[in-house]
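The values are calculated or read from the model by the stated rules, or taken from the named source; none is laboratory data. Fair warning: this is a prediction, and the values are worked out from it, not measured in the lab. Please note: Cβ atoms are built from the backbone with ideal geometry, for glycine as well, and neighbour counts cover all protein chains shown. We work out accessible area using only protein heavy atoms, side chains counted, and drop any ligands, DNA or RNA first. Shrake-Rupley method; radii C 1.70, N 1.55, O 1.52, S 1.80 Å.
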Amino acid sequence: MKKNITTKEFINNSIGEWKSIRSTHTLAFQEFENTNSNLLISHIDIKSKEISDLIKELRCEHEPSFAIKISWDSTSEWTTENETEQSQTILIFMPKDNYSGIILKNKGYVELIPTFSKYFLDESNHLIIKSDYKSTISEEKIWFLSKHVRSRYSVIKNKDNHGILQTSHATEIRKIFT
């Protein structure tokens, strides 16, 4: 991975199908959960009705640059046999520059409400996403370990006292088709 990639390049490198193995630690209840997921990250036409409707709904005045959809099906060790959860989220990127800006999401990572998040690429090409919700704050860090392996770490804090509620770490492996 070359140094100082742009956000657009980072996202383009993320497009594809991924197998995700995630462990989540809920500190308040001292619980641990393992989840296996199949992810599909794909581009969405910025001029699509889906995107324009979301921008209108949230009365967004920023100029969108590009958008992606992340779809997944996941199985947790807490669910019964063969029970999977399926969902998706849309992320619309509105850059301030090549390395930072705002993401409009149709639903958040923590609270399932439409939200704005701030993002930036740090000096190590880690994509940092910070979200402010009604009662929580989340910070995600995503980076490439190699072309086909990503790592994702998140922290969820209580908005009132900044106490850490949950942490998670995922390793995502690109599905390569031959």
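Just wondering, is there one or more residues in the range 51-66 that are open to solvent by less than 70 Å² (accessible area, probe 1.4 Å), in a strand (DSSP E or B), on the phi < 0 side of the Ramachandran plot and not charged (D, E, K, R)? Break it down into steps so the answer makes sense when it comes.
Start the filter on the range 51-66 by keeping residues that are open to solvent by less than 70 Å² (accessible area, probe 1.4 Å), which leaves 51-55, 58, 60, 64-66.
Subset that is in a strand (DSSP E or B): 66.
Those still in the list that are on the phi < 0 side of the Ramachandran plot too: 66.
Narrowing further to those that are not charged (D, E, K, R): 66.
Yes: one or more hits.
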The one condition ASN125 fails out of (1) in contact with a strand residue (DSSP E or B) (Cβ under 7 Å, 6 or more places away or on another chain); (2) open to solvent by 40 Å² or more (accessible area, probe 1.4 Å); (3) of a type outside the set (Asp, Glu) is (2)
What number of residues in the range 128-156 are in a strand (DSSP E or B) and either under 20 Å from THR7 (Cα atoms) or open to solvent by 70 Å² or more (accessible area, probe 1.4 Å) (or both)? 20
Picking from ILE137, ILE113, ILE128, which residue would you name as being of a type in the set (A, V, I, L, M), without any contact (Cβ under 8 Å) to a residue 40 or more places away in the chain and under 22 Å from GLN88 (Cβ atoms)? ILE113
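If you check GLN88 against the conditions, is it open to solvent by 80 Å² or more (accessible area, probe 1.4 Å) and not aliphatic (A, V, I, L, M)? I'd like the intermediate steps shown before the answer.
Numbers: open to solvent by 80 Å² or more (accessible area, probe 1.4 Å): no; not aliphatic (A, V, I, L, M): yes.
Judged against the criteria, GLN88 is not a match.
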Residues located in the range 157-178, provided they are among the basic types (Lys, Arg) and open to solvent by 60 Å² or more (accessible area, probe 1.4 Å): LYS157, LYS159, LYS175
